[in-house]
1. Taking the residues in the range 70-112 that are touching a helix residue (DSSP H, G or I) at 6+ places or on another chain (Cβ under 7 Å), closer than 14 Å to residue 415 by Cβ and free of Cβ contacts under 8 Å to residues at least 60 places away in the same chain as candidates, determine which candidate is farthest from the ligand (Cβ to nearest atom).
2. Please work out which residue is nearest to the chain's Cα centre (by Cα), limiting yourself to the range 262-287 and to residues that are in a loop (DSSP other than H, G, I, E, B) and loosely packed, with under 12 Cβ neighbours inside 10 Å.
3. Every residue in the range 48-60 that is within 11 Å of the ligand (Cβ to nearest atom) and in contact (Cβ under 8 Å) with a residue 12 or more places away in the chain, please.
4. Can you pull out the residues in the range 78-97 that are within 34 Å of the chain's Cα centre (by Cα) and buried (at least 21 other Cβ atoms within 10 Å of the Cβ)?
5. Among the residues of the range 139-191 satisfying the criterion of being out of contact with any strand residue (DSSP E or B) (no Cβ under 9 Å at 6 or more places or on another chain) and at pLDDT below 90, which is surrounded by the fewest Cβ atoms within 10 Å (Cβ to Cβ)?
6. Looking at the structure I just gave you, is residue 351 over 19 Å from residue 251 (Cα atoms) and either assigned to a helix (DSSP H, G or I) or within 31 Å of the chain's Cα centre (by Cα) (or both)?
7. Kindly establish whether residue 10 is more than 16 Å from the ligand (Cβ to nearest atom), under 36 Å from the mean Cα position of the chain (by Cα), surrounded by fewer than 16 Cβ atoms within 10 Å (Cβ to Cβ) and not in a strand (DSSP E or B).
Ligand SMILES: [Zn+2]
């Protein structure tokens, strides 16, 4: 096999690229060895505009050759070297022509960028930067370029009929994103910085008047600003309260009850009992079906040790169970639950019962139409994972890019999985 043919197959440069020659620069000191490959595009009558892809007349050979970092070969980094020819686009004027191996205005090849994006999503940007020997900023720019290109090719807002609207905290100090998901696909379709009426109105503006009318179901938490905007912008949509949020209210009420008990015990001098109550936190928050035999035993023992905490925990589990029932059984169970919570003498559950009464029609709508907690819960979890991997995001825009790449499922596949 000739060396150029071997290289062309290994580097997967495609049929429209010709290899002119290649040079190997050995490693010196700490810098890696480099394989530099001179290439050119097969000559065509007309080129394409690098910015819009439109067929345009060739202008000139540009200002000399340019380089693009490509996928590594063994221990060596690979650099492609080619003339950056220019075209005269009717819209964009004289501009660099599109090349099949790279996105416009990038010093990296398409395959290299796809691999870096994959690494940034599956681990984080710092790890991806170290792994490929580029700086964090370059990884960030790659992610933005890849996401922008992918979002330009698809319309995520097409055919929406059931959506989930959620607010996700991304940074300390009341920094939130508003995230919209499609219930049918489970994907994120829109995200923006902030949580206000104006933020959400921007979504409905992007959706357009006609598509707003086609919205049938909107699930969300109890936030009034969401309910108000939905009522104004999507009058045909039925608002359902997300199960995930209702269960979270109950989980929070359990935790607050536990904290109150802990404080009472601590102040009364029962230090060992207080310590035990403190250690219960994670056990109480977990779902019964996920507990081990030992943990279930601990909860049974709690009934005698601290009846108030046990009652709070049981109310949480009973509320969770209501969402697994059919609408008629659920209505009856909800009546019983509200009575029990109101009589429970647990301050946080008496308050929760009041909240649930207020949203009762929206909760029943959720049970009737079967849009349960899956989406909001999994999105919250994966956005949390992205945030933890990045050890916090300073800019909402960086997180939005990553959320769209990961949760809107627009990230490119690994280069070797692309159909060529
Ligand atoms: Zn153009």
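1. The selected residue is 70.
2. 287
3. 48, 49, 50, 51, 52, 53, 54, 56 - these are the residues of the range 48-60 that are within 11 Å of the ligand (Cβ to nearest atom) and in contact (Cβ under 8 Å) with a residue 12 or more places away in the chain.
4. The answer is 78, 80, 97.
5. The extreme case among them is 173.
6. Values: over 19 Å from residue 251 (Cα atoms): no; either assigned to a helix (DSSP H, G or I) or within 31 Å of the chain's Cα centre (by Cα) (or both): yes.
Criteria not met by residue 351.
7. Spelling it out, residue 10 is indeed more than 16 Å from the ligand (Cβ to nearest atom), under 36 Å from the mean Cα position of the chain (by Cα), surrounded by fewer than 16 Cβ atoms within 10 Å (Cβ to Cβ) and not in a strand (DSSP E or B).
For (1) outside any strand (DSSP E or B); (2) in the same structural domain as residue 12 (by TED's automatic domain parsing); (3) over 22 Å from residue 112 (Cβ atoms), each residue gets a yes or a no:
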{"position": "59", "(1), (2), (3)": "no, yes, yes"}
{"position": "63", "(1), (2), (3)": "yes, yes, yes"}
{"position": "66", "(1), (2), (3)": "no, yes, no"}
{"position": "69", "(1), (2), (3)": "no, yes, no"}
{"position": "96", "(1), (2), (3)": "no, yes, no"}
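The values are calculated or read from the model by the stated rules, or taken from the named source; none is laboratory data. None of the values given here were measured: they were computed from a predicted structure. All Cβ positions, glycine included, derive from the backbone under ideal geometry; neighbour counts span all protein chains shown.
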